[in-house]
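Laboratory data are not the source of any read-out in this text; all were calculated from the coordinates shown. If you're wondering where the values come from, they're calculated on a predicted model, not measured in any experiment. FYI the Cβ positions are ideal-geometry reconstructions off the backbone, even for glycines, and counts take in every protein chain you see.
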Amino acid sequence: MNRLMDRITVTRCCADCTIWEVSNRWESASTMWPPMAKGIGLGCLHNKPKRLFVRELCRNARRSLQAEHLKADLALVEAKVPPRCSMRVKEIESMAQRFKTVPEYRSRCGSYPLWSLLTIVLLAVLCEAPRGQKDLQKFARGLSRGQRRALGIRKNPEGKYPTPHQSTFCRFFQKADARKVEEAILSIQEQVRGKAPREDLIVFDGKEPKHGGGQAVLSAVTVPSQFYLGSAIVEKDKTNEIPVARQLFPRLDLEGRFVSLDALHTQGQTGRDLVIEHGADFLLTVKDNQATVHRTIEQLIPAPEADFPPSGAHADPGPHPGDQQGPS
């Protein structure tokens, strides 16, 4: 700020305003309102807006910051900036309204209704912010006053909208009704994206979080449209994905759909459940560890001729698309 004041001189003062003269490549960035001007040391009188002047400290800094891809050193700085929520107040209110159907697990609710916490987690997902308990606390701290009000957070005695602490999110993840939360998420997805295409393939896939505490998540999504259909927790120390997937089938509309699962689920009972109980067709993978099934398939179904061999030279390779042809 001292460098800025060195380049600004007062040229005229009157009862209504003060006129400043700016030199040495300082440019007007925006109009600064009185409270902001006062906060950075530019005196403010008569409740009139002030103008903020800036200057590039590095050569071509503006062009570098406006580029589609930042330079490596600038990208490292941007990566450290925590994600911020850009959702409008009305959009947040619409999302929060959907979560009000999830029953409250607490006998007495303080500053944060359950649907407020659910909406914060959804906003963090949409903004690609980390979703750990500490991360959610930091993300909520970055929300504006209007966004917190739209979330339904209640004012504290000081008249401010507080942010949930890490412990609040910890209890929330332990006690919220997972099935009701899933129903609310599916409702929001349908509101935003419409219904999932019925011609898409349904894929079941299990993932184990880095800090899952021995738990994995088996999810069903559509491909290629990437609609979320449902999920279930797999307690790794008690069971595996096979029975959990069969328990997840009745919760989904599988009638007339193609369902794909990895080699772990290539079981007779799984196939019968999909076809007989739910009217679906399945695509299952068979590996060499199921030697009998693998051998039976090879005897009953001839291997299809591939359009090109997975390895080795093509019979008529031709030029690579990226190769330039010389003159003939």
(request) Run the numbers on the range 89-180 and let me know its relative contact order in percent, using alpha-carbon pairs under 8 Å that are six or more apart. (result) 35 percent
(request) Would you mind checking Lys160/Lys210; Lys180/Lys236; Lys90/Lys175; Lys100/Lys175; Lys80/Lys134; Lys195/Lys238 for any pair whose Cα atoms are more than 26 angstrom apart? (result) Lys160/Lys210; Lys90/Lys175; Lys195/Lys238
(request) Write down the radius of gyration of the range 69-221 and its Dmax, each obtained from C-alpha positions, in Å. (result) 17.2, 55
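Please report Rg over Rh for the range 197-300, where both radii come from the alpha carbon positions and Rh follows the Kirkwood definition.
Working: Rg = 14.3 Å, Rh = 14.5 Å.
Checking Rg against Rh, the ratio lands at 0.98.
Just order 85-96, 110-121, 63-74 by mean Cβ neighbour count inside 10 Å, highest at the front, would you? Mind showing how you got there, number by number?
On the way: 85-96: 16.2, 110-121: 21.6, 63-74: 10.1.
By packing density, highest mean first, the sequence is 110-121, 85-96, 63-74.
Of the GluC sites (Glu not before Pro) in the range 179-234, which ones lie in a loop per DSSP and count no more than 13 other C-beta atoms within 10 Å? Could the numbers behind the result be given before it?
Values: sites: Glu182, Glu183, Glu190, Glu199; in loops: Glu199.
The qualifying sites are Glu199.
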(request) Could you work out how far apart the two model spin labels at Val81 and Arg179 are, taking each label as a point 7 Å from the Cα in the direction of the beta carbon, and quote it in nm? (result) 4.4 nm
(request) Taking 7 Å along the Cα-to-C-beta vector as the label spot, tell me the Arg272-Leu201 distance in nanometres, rounded to one decimal. (result) 2.7 nm
(message) Expected output is a single nm value to one decimal: the length gained when fully extending between Arg106 and Ala67, i.e. 0.36 nm times separation in residues minus the C-alpha distance. What is it?
(response) 9.1 nm
